[in-house]
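To start, the structure itself, in structure tokens.
The values are calculated or read from the model by the stated rules, or taken from the named source; none is laboratory data. For clarity, every value in this text was computed on a predicted model and none was experimentally measured. Using ideal geometry, Cβ is built from the backbone for each residue, glycine included, and neighbour counts are taken over all protein chains shown. In case anyone asks, the SASA skips ligands and DNA or RNA and just uses the protein heavy atoms, side chains included. Shrake-Rupley method; radii C 1.70, N 1.55, O 1.52, S 1.80 Å.
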Amino acid sequence: MNDRLIKDYMHKMIILAREGMEDGELPVGACVVAMRGEMVSSSKNATKSQKNSLAHAEYCALQSAFISGNHRLPENSTLITTLFPCMMCIGASILSGVRRIIYACESDTKYLNLVIQYAFFHGILIQKGPLENDSKMLIVEFFEKKRSEKK
């Protein structure tokens, strides 16, 4: 998958994340892309709308990718996400057979190196992708709105 295609998909995920933010969700968008570059599934955070704390964008995109009834994703699938995935989503990626994760921005750098090493041990390459500032600005905007609502 080339850099231009990755940037296009990341841009689409940022648009999806913004839609989620308009619904009151943390603005995260994620998609699963097969080896040849076709998007298999995409999702935004849905923890509030589904009333399910597990409904992270990455987890939902992975679940949606299993439409063929197979218990694994297409070979060499990539997970593209606007925010570095949490441990649950990393674990789901490992169990699903994801081979690469591309993210736009980090959320919590305290455990970043540990997660990258853990994923690498399981055969997943984690890479920083494009549009970091766009993704970060959505997160900042979301929390600024939350803080102003509390006043």
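Net charge dipole, the chain: roughly 200 debye, given to the nearest 20, about the Cα centre with Cβ charges of +1 for Lys and Arg and -1 for Asp and Glu.
In a shell of Cβ-Cβ distance under 10 Å around Pro130, excluding Pro130 itself, what net charge do Lys and Arg (+1) and Asp and Glu (-1) give?
Its environment carries a net charge of -1.
Protection proxy ranking, highest mean first, for peptides 17-28, 133-144: 17-28, 133-144, where packing is the per-residue count of other beta-carbon atoms within 10 Å, averaged. Would you mind checking region 37-55 for residues with the amide N under 17 Å from a putative spin-label position 7 Å along Cα→C-beta of Asp23? Output list for this probe position: 41-55. Over 24 Å apart: what share of the alpha carbon pairs of the chain falls there, rounded to a whole percent? Counting every Cα pair in the chain, those more than 24 Å apart make up 27 percent.
Considering only Ala92, Ala61, Pro27, the residue lying farthest towards the positive end of the dipole of region 18-103 is Ala92, judged by Cα position with unit charges set on Cβ. What's the FRET efficiency of Asp8 with Lys51 using the Cβ-Cβ distance as r and R₀ = 30 Å, to the nearest 0.05? Efficiency at R0 = 30 Å is approximately 0.40. Surface composition of the chain: carbon and sulfur make up 53 percent of the accessible area, probe 1.4 Å. With the highest mean first, a sort of the peptides 40-52, 72-84 on other beta-carbon atoms found within 10 angstrom per residue produces 72-84, 40-52. At a probe radius of 1.4 angstrom, the accessible area of region 1-124 per residue rounds to 51 square angstrom.
Restricting attention to region 37-151, lysine pairs at least eight places apart or on different chains and with alpha-carbon atoms under 24 angstrom apart total 20.
Relative to one another, the C-alpha centroids of region 15-39 and region 80-114 are positioned 14 Å apart.
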